[in-house]
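Below is one structure, written out as structure tokens, with a few remarks after it.
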């Protein structure tokens with residue numbers, strides 16, 4: 001290519017870039033006035049629309065779409081994308097389609113020449129699911145017990161009735177059974193809070209007018225379940241409970257798993273039975289420590305819980321952050337008409353600082369802390385202290401590396417066959433702290449959401465009574481250092497670590513190589 005051809009090519013490229021800039025400026029400056037409300041229609045004109053149209057228009061407003069006010073095309077595109085994502089997460093629609101059309105209303109077409117049309121492809125009256133998987137509960141214990149305990153596989157059958165009332169509600173029945181024939185049942189119904197109160201009531205209108213008010217949700221649940229603690233405490237707990245939760249997101253199974261800000265207020269009434277592990281050869285004997293046997297029996301817990309989480313909203317990445325901060329707090333109070341009384345508070349914060357290189361690819365420093373305190377409340381003798389299931393338990397990957405789940409803290413002298421070093425009794429006060437440095441690996445692994453990191457951990461769990469002195473906290477602190485690799489997956493954070501416990505007790509349950517999986521804080 002000679003000099004003249006090079007000059008012509010450069011001039012053509014410059015002209016193309018100038019034309020693209022002019023077009024972008026025009027698009028950004030071109031405003032649309034859209035008539036309110038949007039036209040909400042079924043995708044199939046022959047079908048009747050179930051979904052409440054006012055609710056759809058509320059979701060449009062909450063996601064940044066301005067009606068009867070000039071808005072640029074990029075702003076409209078961003079709002080449309082957010083609305084589609086928001087509505088599809090309700091699992092009430094096969095698809096959601098938004099389109100800017102011509103306003104056919106002659107009386108307002110001059111002032112507002114455009115209208116937004118929302119086409120909804122609603123799901124059927126019901127849906128069934130039959131499948132299987134692994135229980136999240138006990139998954140880390142199964143991965144970190146030298147193969148002696150396998151993660152529990154489970155079979156699930158569920159039926160869902162979506163959008164029965166037209167308010168993006170969900171009614172669900174679920175039955176699961178695991179490999180030990182332990183079954184659980186769940187019946188729930190959830191819909192927007194304002195729809196429970198009535199959209200024509202003063203309180204319903206007030207909630208709907210709040211920012212994201214149409215997404216405030218109320219969920220009622222009835223559950224029969226079994227919590228298996230036999231590998232660390234030599235007992236199972238049979239749970240039957242009713243609960244009612246108000247939160248800002250809706251469709252929340254586990255608050256720590258959803259991305260973004262979360263707050264929720266839970267009321268629950270739970271009838272619980274602690275059943276020690278049965279002896280394999282003696283039918284009337286317990287394979288557990290005397291302390292666990294003494295804790296067995298029935299309790300009725302009536303409690304109110306408030307939880308607030310940022311869940312990565314202030315970080316550059318939900319699972320592997322390198323810049324930003326994260327925090328959570330949770331407060332629970334139990335009392336009459338239940339027979340268990342206590343106040344329980346816990347919280348934590350994490351900070352992430354990029355040091356070298358680009359954010360997400362260079363060297364970053366991290367610091368996190370979490371802690372909690374449990375105080376018994378007797379209500380003038382009406383309630384007993386908290387049961388062992390209400391106490392704190394500390395240890396395991398992604399919390400206190402180098403120690404097994406429930407691996408530190410008060411422990412019985414002798415446990416059952418699955419916990420020969422003693423059953424973990426839990427505590428009323430704990431803290432964990434961690435400092436670490438991370439970087440992305442070189443080469444192609446840099447693009448696959450993988451981090452290498454080194455860490456130093458500290459933490460303790462003390463006391464089952466009031467009045468824990470500061471000296472006891474310092475003397476009982478455990479520490480460890482190590483290194484590992486973490487990866488971001490669609491199902492959560494996966495990490496493999498090697499830890500060297502530096503300070504530990506003679507009866508602590510320790511482990512050098514560990515696998516961690518989930519959405520744990522820190």
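The condition of being buried (at least 22 other Cβ atoms within 10 Å of the Cβ), touching a residue at least 60 places away in the same chain (Cβ under 8 Å), in contact with a strand residue (DSSP E or B) (Cβ under 8 Å, 6 or more places away or on another chain) and in the same structural domain as residue 292 (by TED's automatic domain parsing) holds for only one of 371, 348, 407, that being 407.
Would you be able to say whether some residue in the stretch 434-442 is surrounded by fewer than 21 Cβ atoms within 10 Å (Cβ to Cβ) and on the phi > 0 side of the Ramachandran plot? No - not one qualifying residue is present in the stretch 434-442.
Whether a residue is farther than 30 Å from residue 231 by Cα and in contact (Cβ under 8 Å) with a residue 24 or more places away in the chain was assessed, and residue 323 passes this test. Of all residues in the stretch 42-65, those satisfying the criterion of being under 18 Å from residue 209 (Cβ atoms) and either modelled with pLDDT of 90 or more or touching a strand residue (DSSP E or B) at 6+ places or on another chain (Cβ under 8 Å) (or both) are 52, 53, 54, 55, 56, 57, 58, 59, 60, 65. Being in a strand (DSSP E or B) and under 23 Å from residue 343 (Cα atoms) is the filter here, so list the residues in the stretch 278-305 that pass it. Once the filter is applied, which keeps residues that are in a strand (DSSP E or B) and under 23 Å from residue 343 (Cα atoms), the stretch 278-305 yields 297, 298, 299, 300, 301, 302, 303, 304, 305. Among residues of the stretch 334-345 being part of a strand (DSSP E or B) and either outside the structural domain of residue 264 (by TED's automatic domain parsing) or touching a residue at least 40 places away in the same chain (Cβ under 8 Å) (or both), the one that is farthest from the chain's Cα centre (by Cα) is 340. If you filter the stretch 351-368 down to residues that are out of contact with any helix residue (DSSP H, G or I) (no Cβ under 7 Å at 6 or more places or on another chain) and not in a strand (DSSP E or B), you find that the one that is surrounded by the most Cβ atoms within 10 Å (Cβ to Cβ) is 360.
Looking at this structure, is residue 497 in the same structural domain as residue 448 (by TED's automatic domain parsing) and either buried (at least 19 other Cβ atoms within 10 Å of the Cβ) or closer than 24 Å to residue 233 by Cα (or both)?
So residue 497 fits the description; yes.
The values are calculated or read from the model by the stated rules, or taken from the named source; none is laboratory data. Remember, predicted model here, so these are calculated numbers, not experimental data. Ideal geometry is used to build each Cβ from the backbone, glycine not excepted, and the neighbour counts take in all protein chains shown.
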